[in-house]
Amino acid sequence: MRESVLWGHHFNEYQQMFNLVDIDMNARILEYGCGATAVNAELHARHQTIVSCDPLFSLSNQQLHQSVLSTFEEAVQHLKNASTQYDFSRYGTMEALIQQRCEGITEFLADYGKGHMEKRYLPFDGETLPFKDFSFDYALSAYFLFSALEDQDVDFHLRCIRELARVAKDVRIFPLIDRSGQPSPLLGPVLLGLQQTNYAVEVHEVDYQLQLGDHAMLRVWARECPL
């Protein structure tokens, strides 16, 4: 369970996390391991193609609502208990951040039923995604990989990222620290494994930081895919 992640992200946060300030309105976006965010609702409202994938989306509506609200409450408590590990300058105060994310959760829950029927919210079982090669321009994954979650070893990361690079031209992952705020020990071996199997990788510093130290993202793409 991703207890240190305060769900409810908005797309303007993604723009900074993933350096997407000048994103093309026609870009096709895959949101991966995303949890409950307002990103799908916001981009769908402006007619952008987006699909969000998370194991959470296999739950019934009632189960999903309960899980999202329970996880959000636990994340807020974690945030308050560990507030010195966070930088709230982007939001002004911790309370303002919580309010903004609460609004994002509300947007997600209001959109989920319709979006699920429209196949904008899809569950995934394992690491295989039900999309053709390069179906998307961007695959974006926030606070899922490199998070020191159980069973997420180097091989798991390599399988996930290679699958993302199969279905998307440009894969972006944020942040590159674990739940304790330390640089992920998996990053080096994952970068090496990708480079050894014909993937290009870049680590970029970005203009977003919430947890201290989470100001870098990983960009990956298949070398044979023209960008």
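Would you say Ala41 is in a helix (DSSP H, G or I), modelled with pLDDT under 95 and of a type outside the set (Val, Ile, Thr)?
Spelling it out, it is not the case that Ala41 is in a helix (DSSP H, G or I), modelled with pLDDT under 95 and of a type outside the set (Val, Ile, Thr).
Of the residues Val201, Val154, Val220, only one is more than 30 Å from Glu95 (Cβ to Cβ), crowded, with 21+ Cβ neighbours inside 10 Å and touching a helix residue (DSSP H, G or I) at 6+ places or on another chain (Cβ under 7 Å); which?
Val220
Being within 23 Å of Gln152 (Cα to Cα), in contact with a His (Cβ under 8 Å, 6 or more places away or on another chain) and not aliphatic (A, V, I, L, M): is that true of Phe72 here?
Against the criterion (within 23 Å of Gln152 (Cα to Cα), in contact with a His (Cβ under 8 Å, 6 or more places away or on another chain) and not aliphatic (A, V, I, L, M)), Phe72 does not qualify.
Met17 - would you say it is modelled with pLDDT under 95 and either surrounded by fewer than 17 Cβ atoms within 10 Å (Cβ to Cβ) or touching a strand residue (DSSP E or B) at 6+ places or on another chain (Cβ under 9 Å) (or both)?
no
Can you find even one residue in segment 98-107 that is at pLDDT 95 or above, surrounded by 15 or more Cβ atoms within 10 Å (Cβ to Cβ) and basic (Lys, Arg)?
There is at least one residue in segment 98-107 that is at pLDDT 95 or above, surrounded by 15 or more Cβ atoms within 10 Å (Cβ to Cβ) and basic (Lys, Arg).
Whether any residue in segment 113-126 is touching a Leu at 6+ places or on another chain (Cβ under 8 Å), on the phi < 0 side of the Ramachandran plot and in contact (Cβ under 8 Å) with a residue 60 or more places away in the chain is what I want to check.
There is at least one residue in segment 113-126 that is touching a Leu at 6+ places or on another chain (Cβ under 8 Å), on the phi < 0 side of the Ramachandran plot and in contact (Cβ under 8 Å) with a residue 60 or more places away in the chain.
Rundown of residues vs (1) outside any helix (DSSP H, G or I); (2) of a type in the set (D, E, K, R), yes/no style:
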{"position": "Gln48", "(1), (2)": "yes, no"}
{"position": "Gln63", "(1), (2)": "no, no"}
{"position": "Val76", "(1), (2)": "no, no"}
{"position": "Leu79", "(1), (2)": "no, no"}
{"position": "Arg90", "(1), (2)": "yes, yes"}
{"position": "Gln99", "(1), (2)": "no, no"}
{"position": "Gly104", "(1), (2)": "no, no"}
{"position": "Leu109", "(1), (2)": "no, no"}
{"position": "Tyr112", "(1), (2)": "no, no"}
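With the requirement that a residue be buried (at least 17 other Cβ atoms within 10 Å of the Cβ) and either assigned to a helix (DSSP H, G or I) or modelled with pLDDT under 95 (or both), what does segment 20-34 give you?
Leu20, Ile23, Gly33, Cys34
Residues to consider are Gly126, Gly193, Gly115, Gly181; find the one that is at pLDDT 95 or above and farther than 22 Å from Val39 by Cα.
Numbers: Gly126 fails: at pLDDT 95 or above; Gly115 fails: farther than 22 Å from Val39 by Cα; Gly181 fails: at pLDDT 95 or above.
Just a single option satisfies the conditions, and that option is Gly193.
Enumerate the pairs (first residue in segment 19-30 and touching a residue at least 40 places away in the same chain (Cβ under 8 Å); second residue anywhere and part of a loop (DSSP other than H, G, I, E, B) and crowded, with 18+ Cβ neighbours inside 10 Å) with beta-carbon separation below 6 Å, excluding pairs fewer than 6 apart on the same chain, so at least 6 apart or on different chains.
Between residues of segment 19-30 that are touching a residue at least 40 places away in the same chain (Cβ under 8 Å) and residues that are part of a loop (DSSP other than H, G, I, E, B) and crowded, with 18+ Cβ neighbours inside 10 Å, the close pairs are Asn19/Val206.
From Thr71, Thr84, Thr93, which residue is farther than 30 Å from Asp133 by Cβ, at pLDDT below 95 and surrounded by fewer than 20 Cβ atoms within 10 Å (Cβ to Cβ)?
The conditions single out Thr84.
Give me a count of the residues in segment 26-84 that are in contact with an Asp or Glu (Cβ under 9 Å, 6 or more places away or on another chain), among the β-branched types (Val, Ile, Thr) and farther than 26 Å from Ala165 by Cβ.
Counting residues in segment 26-84 that are in contact with an Asp or Glu (Cβ under 9 Å, 6 or more places away or on another chain), among the β-branched types (Val, Ile, Thr) and farther than 26 Å from Ala165 by Cβ gives 1.
The values are calculated or read from the model by the stated rules, or taken from the named source; none is laboratory data. Every value quoted in this text rests on a predicted model; they were computed, and no experiment measured them. Cβ: placed from backbone, ideal geometry, glycine included. Neighbour counts: every protein chain shown.
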